[in-house]
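Below you'll find the structure, written out as structure tokens, and then a few comments.
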Amino acid sequence: MNPSKRNRRLSLAILGLGVLLPAACSTESAPTANASARSTDPGPVVGEERAILTAPPMVPPPITRDHATKLIVDLEVREFVSEIADGVDYTFWTFGGSVPGSFIRTRVGDVVEFNLHNAPDSKMPHNIDLHAVTGPGGGAASSFTAPGHTSQFSFQVLNPGLYVYHCATAPVGMHIANGMYGLILVEPVGGLPPVDKEYYVMQGDFYTEGPYGEEGLQPFSMEKALTEIPDYVVFNGKVGALVGDDALSADVGETVRLFVGNGGPNLLSSFHVIGEIFDRVHQEGGSTANENVQTTLVPAGGATIAEFKVEVPGTFIMVDHSIFRAFNKGALGMLTVGGAEDTLVYSGKQDDRIYQPEGGAVQVMPGKGVAAAPATRTLEERLALGERAYQANCMACHQTNGQGIPSAFPPLAKSDYLMADKARSIQTVIKGLSGPIEVNGKAFDSVMPMLNLSDDDVANVLTYVRNSWGNQGDMVTVNEVQAARAAH
Ligand code: CU
């Protein structure tokens, strides 16, 4: 039962008791009941206004009015081809021209006049089922709209919370799989507590004829959708929609509220921000807030509100913690936090020393650029040691034979980028690499971490990869690695 109905019944019950009880008692009860009613009763619908709609990751501004109103929503369904990953096209069906669809922000008690427009160049009819609606189909039957038509219906939002909306036209799964979902927020009386930043993130799974990363226009695969094995699992409709320049942002000391949805159609999301703890989570978008949460489960067709304060600067990675989805299917985004370090909360790396448990002695590495192992080795030694270093540090991403993973990790085998510039390759291994590069004519935009290898290991592993899988290069020496570190 929603709060307003519950309070109305509570008020009636207390008023009923008042008839039976002495006057003194009833006058004490009445203000309590009234105070409670004031805090949740949405009150009458006053005036009208047009809803502000936003594309992800933005959220309309908080509602400041202290009354319910008639809220007019105009949402246009559009079908178009766009990239689901770099070089991979997909035919998206959208609410408002984005995946997920436009964010709708309402206040409890609002009467929403919903106008669903289906663009004249659409090929399919569409409708909308809003989980915030109390009524048959969530509005689906009332909103069935042919291309070039507009349907209008209205509903009153009775329950505060964060709700998914989606298309419910048959085949329903296909319409959702093509991107037809979004979020509608129903603010409680008095609004949500103020925060510094609000963002809109929604996960979805996609099923294509070709495997992950296969270029060109990829048709929807009903077969893969039925078996629930997606090629792509993404935030905000595209691999990399929330990374690099498109990352979410905040500054140290700010509070962040994420409105997180999961359109599915199939998978549940184990939503997690690496290096952050949610101070509060409104599980399933409801009114109860859990505190101090690491990973929150967002069901298909469900949502959650996650809030946290950012204490230290850096890049915080958002993932579905079903982790192959994050690193191999696209469910990865970033929150970039600027501001001053707090080394008490997080120190950063303080030391790096050699660990030799079998010898019982811990040898302190004197500092960058000084080799703890012989500076001179034969080519055969470097190839053998380099192969081991490669297997331990590089193979997970660049693969067994240096072939890489299309659209994710560049190939090292016969790699023009690797072989063109020896000094650059050394810098890459020493410092890591992020941002767009081109390898053998293909664009990559991923992150290679700083590996913290010794100078000897850097020389070994680079000698190995520069002389494997069709590559032919000369040996990389410790002196060259030291020179690269000095140049940095
Ligand atoms: Cu549809």
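The values are calculated or read from the model by the stated rules, or taken from the named source; none is laboratory data. This is a predicted model, so every value here is computed, not measured. Here the Cβ is made from the backbone with ideal geometry for all residues, glycine too, and neighbour counts use every protein chain on show.
Which of (1) surrounded by 21 or more Cβ atoms within 10 Å (Cβ to Cβ); (2) of a type outside the set (S, T, N, Q); (3) in contact with a helix residue (DSSP H, G or I) (Cβ under 6 Å, 6 or more places away or on another chain); (4) more than 19 Å from residue 284 (Cβ to Cβ) is the odd one out, the single condition residue 161 does not satisfy? Status for residue 161: all satisfied but (4).
Does at least one position in segment 443-466 carry a residue that is under 32 Å from the mean Cα position of the chain (by Cα), assigned to a loop (DSSP other than H, G, I, E, B) and farther than 27 Å from residue 348 by Cβ? No, that holds for no residue.
The strands (runs of 3 or more DSSP E) found wholly in segment 137-256 and carrying at least 2 residues that are more than 19 Å from residue 271 (Cα to Cα) and within 14 Å of the ligand (Cβ to nearest atom) occupy 161-166. Scanning segment 75-89 for residues that are within 15 Å of the ligand (Cβ to nearest atom) and touching a residue at least 24 places away in the same chain (Cβ under 8 Å) yields 75, 76, 77, 78, 79. Somewhere in segment 87-96, is a residue at pLDDT 95 or above, touching a strand residue (DSSP E or B) at 6+ places or on another chain (Cβ under 6 Å), among the hydrophobic types (A, V, I, L, M, F, W, C) and assigned to a loop (DSSP other than H, G, I, E, B)? The answer is no; no qualifying residue exists. Entry remark, segment 257-279: residues being within 26 Å of residue 55 (Cβ to Cβ) and not in a loop (DSSP other than H, G, I, E, B) number 14 in total. Of everything in segment 298-325 that is without any contact (Cβ under 8 Å) to a residue 40 or more places away in the chain and small (Gly, Ala, Ser), the residue that is surrounded by the fewest Cβ atoms within 10 Å (Cβ to Cβ) is 314. What do you reckon, is residue 130 at negative phi and away from the ligand (no atom under 16 Å from the Cβ)? When the stated conditions are applied, residue 130 does not pass them.
I'm checking my understanding of the structure. Among residues of segment 115-124 that are within 15 Å of the ligand (Cβ to nearest atom) and not aliphatic (A, V, I, L, M), which one is nearest to residue 49 (Cα to Cα)? Top of the filtered list is 117. Are there helices (runs of 4 or more DSSP H) fully within segment 294-411 with at least 2 residues that are modelled with pLDDT of 90 or more and charged (D, E, K, R)? List them. Answer list for segment 294-411: 379-393.
Residues that are away from the ligand (no atom under 16 Å from the Cβ), hydrophobic (A, V, I, L, M, F, W, C) and buried (at least 24 other Cβ atoms within 10 Å of the Cβ) occur in segment 93-107; there is at least one.
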